[in-house]
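Have a look at the structure below, then the notes.
Values in this text are rule-based calculations from the coordinates and carry no lab data. Since the structure is predicted, the reported quantities are computational estimates derived from the model, not experimental observations. All Cβ positions, glycine included, derive from the backbone under ideal geometry; neighbour counts span all protein chains shown.
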Amino acid sequence: MEETTYKNTSHKSPSKDIIKKGSIITLITIISRPLGYIREAIQAYLFGATILVDAFVVAFNFPELIQTLFFSGATSAFLIPVCSRYVKDDIQFSRVYSIFINLALLITGIVSIGLFLLNTPIVNIIAPGFTPYGKTVTRHLFLIMIPVILLHAVLSVMKAFLNAKEHFASPELSGIIWNIVFIASALFLSKRYGIYSLAIGVTIGSIAQIIIQWPFLRRLNIRYTRATSFNHPSVHEAKRLFTGALIATSIVPINSFIGRIIASYLPHGEVASLSYAFRIFILPFSLFAVPIYTVVFSKISKLYHERDFTSIKSHISSSIVLITITLIPSTILLCSIGDVVIKILYERGAFTQKETLLTYKALFGYSMGLLFYALSISFVRIFNAMHDMKTPAAIGITSIIINAGFAIILMNPLKNLGIALATSISSFYNFSMLFFFLKKRINYKLSPSVIKDITKSIVAGILLVFIIYILKFYYSINPYFLILLCCLCVIAVYFIFFKDYYLRVFRAEIKP
């Protein structure tokens, strides 16, 4: 392949660009995630870690898995590279947008009808270890949440086209709206509808997410029209990319879903503990990794059309460093004081110390692979941006097998910890293989400066382990003050180690 590079881009700071554009996502996440924890805390207070919550988690995860596999993840993976071609032509851009909205409505409408008709055998598959009562509750919850598939598919198309215009605010705001609706439904409807109030909140919240996108779409001149012809070149290009994108982006949710199916054979509460743990685990990922790879994905999609591979490599290096220096300390915090965090967030009402320890085991297992979880998803997006869906798809298939195998092997001796560790192991494998093939494809390699920054982050992390160990085990500290003190230590240590890096980034002088 002919590669054209532009030397003038090398003087820019990809890290500064990523931080600047991704900051809006981080700021909204800072608001959204606490709402998510309030939602989980209310859920835990009302229902604890019981068979009812297990049923809700399984029933919610299946439609969530369907929309994530076929629409949410895959949609952004192939739509952003496709629609980037038309971003400067508002008329064509709106036409392509309308075509894909109509396609989403048609396909998900058919899928939803099929799921409604087959709800009983589906529940037997997704909750094989549940009691008859547990399966009945799961089936009713599942039926209430089937519309989420259609609603999230439409939302995914909207998000892709807004991101292609480099607008990230309203897609992220939708999470805040969803949480507010869910919380309101749980608080005001739980006495009347019990666990079903949660499913009602999920569906109504998904409707609200779509409504909030309309003003921003209109402001960016993205108009919906009755475009019924699916013969547009963008559709043909999307078809070519869809299968690979579908497989590649489905690895993480499939691994998580398989883990929870296997966990249904464990004692009651194990599935719920995995869900509660994952909610905490995903916070640093959402705060740091998501903004980084979202911006990089959009940027590399454009750079790939220009064949500017020097800038592509520069952005990859910057994203690796930024993910490393944010998620290594996050991993240390989750592993060392995760039990304290769980106690503060959830331990009240029906959620006792027993559930705290159970959830902490799962959180520890997930956290061990946080860095590789983030890097693997980031690298999948990099391949997608370069219109290569096959490589991450092939690697992902073997990753699913590895995850299932380790989950089965580790389930009996380690219970939920083993299932969480299986996810971490498969994430490490996925990233390692993606890195190997990226190196072969574009001759990418880590520069000495990147290796130096990664090494510094590891050394800083080791120092933090000792500091937090002393704070936690040798001093009796209020749990709130302990968390604050540990976070301040992270900031202090990493500022000392990366002072020069931060100065170079914000002076736009860094050259990854």
| remark: Out of S185, T136, G175 - ranked by how far each Cα lies towards the positive end of the dipole of the range 117-198, with unit charges on the beta-carbon of charged residues - the top one is T136
| message | Within 10 Å of each candidate Cβ there may be at most 16 other Cβ atoms; applying that plus a DSSP loop requirement, which trypsin sites (Lys or Arg not before Pro) in the range 403-512 survive? | response | K445, R507
| Where chymotrypsin sites (Phe, Trp or Tyr not before Pro) fall in DSSP loop in the range 446-499, at most 13 other Cβ within 10 Å | Y474, Y475
| request: Would you please put 297-308, 124-135 in order of how densely packed they are, using the mean number of other Cβ atoms within 10 angstrom per residue and starting with the highest? | output: 297-308, 124-135
| field | Listed peptides 103-110, 193-200 by packing density, highest first (mean Cβ within 10 Å) | value | 193-200, 103-110
| task | Pop a pseudo-label 7 angstrom from the Cα along the beta-carbon direction at both I31 and D90 and give the gap in nm to one decimal. | result | 2.7 nm
| message | Strictly over 21 Å apart at the Cα level, which of K16/K452; K191/K361; K16/K159; K20/K456; K361/K472 would you flag in this model? | response | K191/K361; K16/K159; K20/K456
| query | Cross-link partners among aspartates and glutamates for K299, C-alpha distance below 13 Å, same-chain residues fewer than 8 apart left out? | reply | D17, E166, D308
| If contacts are Cα pairs under 8 angstrom and at least 6 residues apart, what is the relative contact order of the range 390-512 in percent? | 19 percent
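Can you tell me, using C-alpha contacts under 8 Å and at least 6 residues apart, the relative contact order of the chain as a whole percent?
Details: 726 pairs, mean separation 121.3, N = 512.
Relative contact order of the chain: 24 percent.
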| field | Listed residue pairs exceeding 26 Å between alpha carbons, taken from K390/K439; K21/K302; K165/K445; K343/K415 | value | K165/K445
| query | For the chain, what is the mean residue ellipticity at 222 nm derived from helices alone (per DSSP H run of n ≥ 4: -39500 (n - 2.57); sum divided by total residues; nearest 500 deg cm²/dmol)? | reply | -28500 deg cm²/dmol
